[in-house]
Every structure is written in C-alpha cells, then in structure tokens.
Amino acid sequence: MTRRRNVAVVGPFHSGKTTLIEAILAQCGAIPRRGSVSDGTTTTDYEPESIDRAQSTTVGFAYCSTANIDLTLVDCPGFLEFAEEAKFALAGVDGAIIVIEPVPARVKQTRTLVEFLDERKLPHCFFVNKLDKPGSDFRGTLAELNATFGNRVVAEHIPIGEAEHFRGYIDLAEQRAFVAEKGVAKEIEIGPELEAPAKEARQKLLEALGDFDDHLLEELLEGVEPPLDEVRTDLREETSKDQIVPVLVGAGITDIGVAANALLDVIEKQFPAPDGDPKAPLVAQVLKTIVHPQSGKLSVARIWDGTLNADATLVDTSRDLKVRAAGLYRLQGKKQEPLTSASAGEIVAVARLEGVLTGDTLTSGAKIVREIPQIAEPLFAVAIKPKEKLDEAKLSQMLARICEEDPTLKIVRAEFTNELQLLGIGEVHVTTAMAKLSRKYHLALEMKPPMVAYRETITQPTEIHSRYKHQTGGHGQFADVKIKIEPRERGHGVTFEEKIVGGVVPRQFWPAVEKGVREALLKGPIAGYPVVDLHVMLVDGAFHSVDSSEQAFRTAGGMAMRDGLPKCGPVLLEPIVYVEAVVPEDSASAILGGLTAKRGQVLSFEPAGQRGFQRVIAFAPQSELGNYITELRTATQGLGNYTWRHERFDPAPPKVSQSVREAVSA
Ligand SMILES: Nc1nc2c(ncn2[C@@H]2O[C@H](COP(=O)(O)OP(=O)(O)O)[C@@H](O)[C@H]2O)c(=O)[nH]1
Ligand SMILES: [Mg+2]
C-alpha cells in the first residue's frame, strides 16, 4: 500500500513532459528503450493525432516500479485546448509535477493550473526542465516563481552549470551533489564555486519550511543547524500537505539518470501514498474514457476504496446504472496488461462499461457520488455535415462516441439556425476531434463556420392588395385579399388577425391566408432570412363560389407578403450576444479595445473575484465573435476566458446589411 504513488505530469505545452515520462520509464526498466516525441515513438503520445502534431492531444497513462515504489504516471496535455480534459485525470492522482522551461516569461502560463491544484490541495512540485538549452535562466525562473506564487515555492535542488555547462544538481536538504556520467547519476563534491549559492538557497529552503514548523524556525533564529531527519520530515509533511512547493531541476532529454532518479526520489519520499482501504466497499471514479472502434470501450478509473475484480458488477451512481465489467487492465500507453483484480489506490482500465461516462462514480452499491471537476464551456463552434449521405442515426451515434471519449467536446443543434454544430475548446481542439472522427469511423465530414442567425423585420406599415387568378382547362383559381402589415415591437414575433366584414372572404379560407403569409415570411426581402416582429391583418378581399379554394387563398396570402414587405422599409436584424469576459488586468484595455472594434457595447468593467483579474461585460454582434475565443486567448496568454448567451436581435448597420446581402446573392 505505501509503495503506491499516482502522479500527474502537467505544465505548459512543449515543456518536455512526455519526454520526461519516457526517461523515467526507461530508468526503471519499464520500457526497453526510450522513444522520442519527434519520431512518434513515446509511450504516452501514441494516438495518431498526437504523433502527427508531435504533441500530446489527450491524457496518457504509464506505470513503472523501483525498489521502493509502484508509480502510475499520468501524462497531461499542456496545450490549453487539450488541457481541459486533464482536469478529470487530476481528480484521480495524489500529486503533480509541473514541468516548465527555464524561461521566466513562461511562468505565468502556469497560474491557472497552480490555482486548480491549490484549490484541490493537491501536492505538487515544479520541475525546471531543459536546463541544457542555450539561454536557460534558472535564477530568473525561480525569481519569477516566487514573484508569482510567493516563497512557499522554493528550490530543493539547484542546477550545477547551465546551458552547455549543465551537469547535474545539488540537493539542498541533503547537501549532496549529483552529476550525470554517461546517463548514470554519480555523486561529486560540491565545488567551491557553488558553495555560496548553495548555502544561500539552502537557507531559503529552511526558512520556507520554518514557516510551518515553529521548532525549525527557533533553530534557525538561534543559528542551530537543524538535524537532517527534521528537514526530511518537514519536506515530506509540508509538500504532502501542499504547504510548500519544491522546485527541482533537470533536463529530461539528456541527463536521463539524474533527472529521473531525483524525481523518483522526491515522489517516493515527499508525495503522499493513497490512503484508501482495500477491504472497504468499492468506490472508484472514471478519469478518462477511451473508445476503440473494434475492441470497444475502456474506462480508466481511480479506485479510492475497496477492490475491483475483472468481472465485477458495478453501480454507476452518477447515473443510477448497473453495469458489468468485461475485463480489467493496467495501461502502459496503448498497451493493456490484463489484471484479475485491483485495489484501493490503483488506476486501472475497466472494459465495456456501457453508458458510463468520464467523471462517473462506480461503487459496489453504496450511494456515494464523487465530485467532478468543473470544466470550461466549449466556445469554438463549427457547423458539420457528412460529405456523403448518411443516416442521421449513424452520424449521431459516432458523434456521441467522440464526445464520450472527450467530455470537453459538445454536439448541439444551434438555436435559430438548427445547424448541427461541434463545439470544442478552440479551433485546434475541434479540428483534431474531426480528424479523429474520420480516422476511427471512416466518416468524412464537411466543416464550415457556423451560420449567423440573421433575421429581417420592417419599420413602416403598408396596405397591399393581391389578386390571384388562374384559368386552367376545367375550373380556375381565384382569390383576392387586402392585407395590412404593421411593425411590432422587437422580440414580439409575428401575429395574424382577420378583420373581414360581411363574409367577403369566407371563414374557411382564413387559415389558408395565414398559412400563405407565414410561409412567405420564412424568406425575407433583404437576404432571405426569416421576417420577425410584425402584425398582419386580413382586412378585405373577394372570392368566387366555384374557383376559390384554400390553395388559391394561400397563394394570394404569400403574394401579398412578397409584394408588400419591400414597401415596409425592411431592415436586417443581427443577433446580439451578452459577453462576460474574465481577463488579467494587464490585458483588460486590449480586451476593451478589441470588443469596441467589434462594434461591442461595453456595459461594465470591474475587478473579478479572482485576484488580478477584471470582469468585462459587453453586448456584441454574434457575427463578430466567431473566432473570439482564439483572439481572447492570444491577448491574455491563455489566461482569459468568456461566456456568452443570446441576448436580442438589433438592426444591423447598413454596411453589414450590404455585405450580408452580397454574400447571399454571390
Ligand atoms: N533541449 C531539451 N529539449 C527537450 C528536453 N525535453 C524535451 N525536449 C524537447 O522539447 C520538445 C517537447 O517535448 P515534449 O516531451 O513533447 O513536451 P510536452 O509537450 O511537455 O509533452 C521536444 O522536441 C523534445 O525533444 C530537454 O530536457 N532539453
Ligand atoms: Mg506531451
């Protein structure tokens, strides 16, 4: 039990997480040879989409063992658009390693992540990676970490040399130095040039520990050297309680043994072991769902309590569903190693749990539902359509499957336009999902920007007279209507009223007139969009006892509208949405400027709940916001976000109206 550790590897995209995991696996002998990201041969980046992009696109699982621990590593994609899904995986680990590059300016990219970990009290450390790279700046990066997160983020290791001189690290607690020699860690003396910086850094480490340990603090004040055991105990307790955040160093790609050993050591000694009870009733939670078109579905779950057998009958308490497991596996990337059972603290894949989704709680019957992390609303939408005719049922089944695998995707029927849309965190996310869809299910889809739901309306009343008369062989067609059209207040819809006096149009034809009117209103005079907010009155007319029919009156009603609407001062209406953006203070003015440039109307601008952030509320035309999430992220280094909802329809400015008209007639 105490051997077990579950650790997520997180941090900005490209910081070297997948490479570092590969180094650890190789170091432990869990894989015969290290793969590389550029060759597409790593353990955790096995999905074709990840290999194509040379970037993790989804959460991957790996495991390894040393003499002292059994470790499950969870490789979390760093690219913001793929990282959202990792929140589920983070709900199933006991600690996290944040891998960053030795570049001070990049530190703030980890702010949201660190907040997420702190909210959950999840112990974590920073691993400053790629110290072999020219231009590495460890001191600057550490200073930026302190400036951003305070002094509880503190170096436990410092590098020996940097860039082309990078050789290894000094363990400040142990006061020992290690360098890589042919990939193997070797202990050396701390050289005289490093004595002073090591002493200074060690003092900072002890002071940080002293903040949570009065006894240690007293020793520091009295100038007494604290015993090593006390330092070790404090490091363990304060890291595992998320009080201090140790900073470690290395270069996952080069000094293999050193970086991997140092990390394994910290994971063993300072990260907590799971505390579940294998004998208790089963409680597990699904962290990730993988769907293979052929071999079926795997639900990767963290077992919190109890023991899970390969053929167990389970209750999904999140949806009140009884399911039966059809196999149990441990995952090494895409490889599945069968197990007969697994117990509290383990992360395993369970086969064929139909209907079970990521985030769900599984129990042996107990009515326990574990909390699920809140994930961002997908805001980037594309309209999708199968390239070939395909029955709707098959299409929606496949779409449901890819959403099952990635809960940050969503399929919707758009309000007003009724278009089928795929929504994701951003353009890359949605495009990758589409690529996956066509690969897995041989389903070719067309995607295009979603339609904007324009509307048309009128600004003046008019009266129109329409006579439909047609003679064909037998008996003819005759209908005569006089119709009044009046504007209505915005948002009040279309109403129809008859004001026939003396039966000039018999009652049985009134519904036909209304039908013709409403049909004609589906295609407005400006650009063919539905016409809204008007009142139509049938005020007069004439009929013929033989030639009049419902069909004839329906046609006459439609004619009246087609002739009358252009005389009513028609205007194009565009959808206006309510936007609420939360952005870092330093980018707030850029956001305001951006919204104004998009014809937005800023309503308020105030400090957000989150420190250092501003909340901007505005109304803006939906047509201007198609790619807004991308723009917002660029302007805020990925830290900003927004929500929106349809607010109302407003008359579009002439320029917009003109270009919409041109687009339609093109
Ligand atoms: N110089 C240097 N490059 C590295 C190191 N670790 C990873 N890389 C490179 O950085 C890139 C991103 O690595 P990857 O493991 O995919 O990063 P991830 O996105 O965090 O998983 C790849 O080209 C790696 O070869 C390192 O320690 N030093
Ligand atoms: Mg990766």
Given the structure, is ASP132 assigned by TED's automatic domain parsing to the domain that holds GLY210, charged (D, E, K, R), closer than 30 Å to THR289 by Cβ and within 13 Å of ligand 1 (Cβ to nearest atom)?
no
Elements of type helices (runs of 4 or more DSSP H) in segment 26-126, at least 2 residues being more than 16 Å from ligand 1 (Cβ to nearest atom) and not assigned by TED's automatic domain parsing to the domain that holds GLN332:
86-90, 111-119
Of the residues in segment 19-55, those that are within 20 Å of LEU80 (Cβ to Cβ) and in contact with a Lys or Arg (Cβ under 7 Å, 6 or more places away or on another chain) come to GLU49
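For segment 468-487, how many residues meet the condition of being of a type in the set (Gly, Ala, Ser) and closer than 30 Å to GLY569 by Cβ?
Residues of segment 468-487 that are of a type in the set (Gly, Ala, Ser), as a first pass: 473-474, 476, 479.
Next, from what is left, pick out any that are closer than 30 Å to GLY569 by Cβ: 479.
Qualifying residue count, segment 468-487: 1.
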Just a yes or no: is a residue in segment 403-420 over 24 Å from THR643 (Cβ atoms), among the β-branched types (Val, Ile, Thr) and outside any loop (DSSP other than H, G, I, E, B)?
no
With respect to ARG611, determine if the residue is touching a residue at least 60 places away in the same chain (Cβ under 8 Å) and among the basic types (Lys, Arg).
no
Among the numbered criteria (1) under 23 Å from VAL286 (Cβ atoms); (2) touching a Gly at 6+ places or on another chain (Cβ under 8 Å); (3) more than 16 Å from ligand 2 (Cβ to nearest atom), which single criterion is violated by LEU113?
(3)
How many residues does segment 484-513 hold that are under 23 Å from ALA527 (Cβ atoms) and hydrophobic (A, V, I, L, M, F, W, C)?
2
Residues LEU603, LEU565, LEU592: which one is buried (at least 19 other Cβ atoms within 10 Å of the Cβ), among the aliphatic types (A, V, I, L, M), in contact (Cβ under 8 Å) with a residue 12 or more places away in the chain and not assigned by TED's automatic domain parsing to the domain that holds GLY78?
LEU565
Given (1) over 24 Å from GLY29 (Cα atoms); (2) out of contact with any Pro (no Cβ under 6 Å at 6 or more places or on another chain), number of the condition ASN129 does not satisfy
(1)
Of (1) of a type in the set (A, V, I, L, M); (2) modelled with pLDDT under 95; (3) within 22 Å of ALA381 (Cβ to Cβ), ALA620 satisfies every one except (2)
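The values are calculated or read from the model by the stated rules, or taken from the named source; none is laboratory data. Keep in mind that this is a model prediction, so the values were computed, not measured. FYI the Cβ positions are ideal-geometry reconstructions off the backbone, even for glycines, and counts take in every protein chain you see.
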